[in-house]
Amino acid sequence: MNKIKSLSVPFRNLRFHLNKLGIPMRIQLFLLLTLLVVSTILGVLVILTINGTFTMGIRETEKDISQELTHLHQEIDHQFDQMSAHTVEYANELSFQLERNLAQRGLHPEDLKNHPELLEEVIASEYDLSLFTMQRAQSSGVFLILDATVNPEGDHAEFSKSGLYIKDMEPNILHSGSSYLFILRGPSEIGRQHAVTLHPQWRMEFDVDNASYFQNPIQAARENDLPVSRLYYWNPGTTLPGTSEEVMLCSAPLVDSRGGVYGVCGLEISSMLFKMSHIPENNNYQRLLCLLAPQTGSKLSVSESLASGSYSLRNIKENGQSLFIKENEPFPSYRMDNGPLFSGLHKKIGLYPQDSAFKEESWVVLLAMPDEDISASVIQLNKKLLILFCILLFTGIFLSYILSKKFLLPLSRGIEIIKSSDYRSRTNNPEIDDLIEFLSTSIQTQTLLKETPPVTEKLPSVIFDEFVKNTRLLSPAERAVFDLYVQGYTATEITKILCLSINTIKTHNKRIYMKLNVASREELLVYVNMLKEAGRDII
């Protein structure tokens with residue numbers, strides 16, 4: 001209660017100053033209602049600010065990014081798990097098949113280094129298995145690399161390795177023909193035999209200098225007594241030497257029955273396949289970026305990543321930059337030395353089993369957008385809220401104007417009626433109509449009193465005796481109404497005192513006028529006033 005009183009103090013002070021300035025009542029009411037509307041809206045704004053409504057856009061963005069990241073993480077995890085399993089299966093089948101074919105010649109896989117003349121024939125015999133594996137895995141490419149070369153005496157021979165690399169340039173289209181197949185590495189005769197075109201950047205052999213997809217699984221197989229399923233390796237995103245192809249390669253060692261390692265094989269996920277397979281589906285943000293990248297501490301290597309989404313990282317990759325993670329709330333930020341600042345979320349992904357030779361390598365899936373896009377989305381939402389509040393404010397001011405005009409209209413009409421002395425008119429407002437009736441009665445009574453000579457001269461006492469006698473004919477209910485009229489109360493006031501309706505009062509009035517032989521309340525009051533002036537009591 002005290003709070004309500006304290007809140008009403010400023011309004012009372014404002015009314016006092018407005019009255020002092022002589023401002024019309026209608027304008028005063030309009031200003032007071034406008035102040036009430038503005039105060040209410042400002043109060044709502046403060047409450048919404050405290051409740052965090054104006055940061056709701058950030059929370060909604062965080063929710064959208066989190067849901068989309070979970071979806072993409074599951075997709076990528078499933079694809080890479082399947083690709084890893086197909087790679088291991090391919091390595092086991094290829095090892096068995098190569099060793100069997102060589103055994104028919106009385107050779108062992110390790111003898112291939114000494115028989116370069118057999119390499120083309122051996123590799124060609126594995127074309128069907130390689131193509132089948134690529135199509136079954138829905139990969140963008142398949143390769144096998146033997147630790148041997150057709151020209152052991154040539155320059156750079158230690159890094160030149162024979163093998164086969166088949167690329168599917170449209171991996172998203174299921175087909176059985178060779179329209180989209182190219183030979184990227186391997187003997188050209190294989191292409192002619194199978195009607196497969198040589199890739200524009202075709203080379204006879206692989207250059208494995210600094211090729212971790214070749215060296216790492218071979219080294220791991222030689223140093224660890226593990227099955228092939230624990231020796232496969234995911235090469236970070238790279239551009240194949242001599243090409244413009246950005247790929248990630250899953251390679252597994254070729255191990256013979258005696259434990260010798262004589263090459264690798266595997267499957268490819270190209271940047272195009274990754275982009276088509278993992279498109280962020282949230283249409284609320286125009287520049288979403290999905291990134292699969294290796295993580296070292298707080299650094300994500302962009303140059304070794306695969307990316308999808310509507311934001312291009314080409315310039316960033318060419319500069320070899322990395323993203324540095326800074327944990328913030330609700331979004332971590334990802335900053336470059338020279339480049340845009342991103343905000344988003346990331347989640348670790350397990351590309352290897354817990355007992356893998358490469359279990360220490362860490363990879364993450366990142367979903368982010370330029371930092372200014374998040375700010376823009378929040379500002380856009382807050383703009384909508386502010387526009388809504390402005391609409392409410394102007395609507396409130398307009399309604400204040402209408403209400404002030406409508407509320408004071410009966411009062412204005414009543415004042416005009418009083419000024420014009422046309423007391424027969426009414427405003428349909430009970431309080432104002434009652435005031436008009438009271439003023440009318442008072443004026444008429446005063447007029448009658450002025451025009452009436454002394455009671456003793458005008459009317460004989462018998463008339464007064466008759467009036468007083470007739471008051472005894474009134475019923476108790478009628479007498480109660482009559483007594484209140486004598487005391488100066490109006491009809492509206494009597495309804496509240498006696499707790500009766502106005503229609504009941506009007507019914508009593510008719511009976512009172514009839515029994516006292518008067519025509520109106522005004523005439524009734526004339527008799528009462530005359531009796532009072534004559535010193536007569538109304539019993």
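The values are calculated or read from the model by the stated rules, or taken from the named source; none is laboratory data. Source: prediction; values computed, not measured. No Cβ is skipped: glycine too gets one built from the backbone with ideal geometry, and neighbour counts run over all protein chains shown.
Descriptive notes on the structure:
- Some residue of region 119-131 being within 14 Å of E205 (Cα to Cα), in a strand (DSSP E or B) and assigned by TED's automatic domain parsing to the domain that holds G163: no
- Some residue of region 352-359 being modelled with pLDDT of 75 or more and under 25 Å from the mean Cα position of the chain (by Cα): no
- Flag if G154 is in the same structural domain as H78 (by TED's automatic domain parsing) and at pLDDT 95 or above: no
- The number of residues in region 484-539 being closer than 19 Å to R472 by Cβ, among the hydroxyl-bearing types (S, T, Y) and free of Cβ contacts under 8 Å to residues at least 12 places away in the same chain comes to 1.
- Qualifying residues in region 226-256 (those that are at pLDDT below 90 and assigned to a loop (DSSP other than H, G, I, E, B)) - the one surrounded by the fewest Cβ atoms within 10 Å (Cβ to Cβ): S244
- Residue among L144, L98, L69, L112 that is touching a His at 6+ places or on another chain (Cβ under 8 Å), in contact (Cβ under 8 Å) with a residue 60 or more places away in the chain, buried (at least 18 other Cβ atoms within 10 Å of the Cβ) and in the same structural domain as M204 (by TED's automatic domain parsing): L69
- Counting the residues of region 44-95 that are at pLDDT below 75, small (G, A, S) and part of a helix (DSSP H, G or I) gives 1.
- Flag for L129 being under 24 Å from P227 (Cα atoms), surrounded by 14 or more Cβ atoms within 10 Å (Cβ to Cβ) and in contact (Cβ under 8 Å) with a residue 40 or more places away in the chain: no
- Test: residue in region 507-521 that is farther than 23 Å from I463 by Cβ and part of a helix (DSSP H, G or I): yes
- Of residues in region 465-520 being at pLDDT below 85 and of a type in the set (K, R), the one farthest from the chain's Cα centre (by Cα): K469
- Scanning region 287-331 for residues that are modelled with pLDDT of 80 or more, under 28 Å from the mean Cα position of the chain (by Cα) and more than 26 Å from M276 (Cα to Cα) returns F324, I325, K326, E327.
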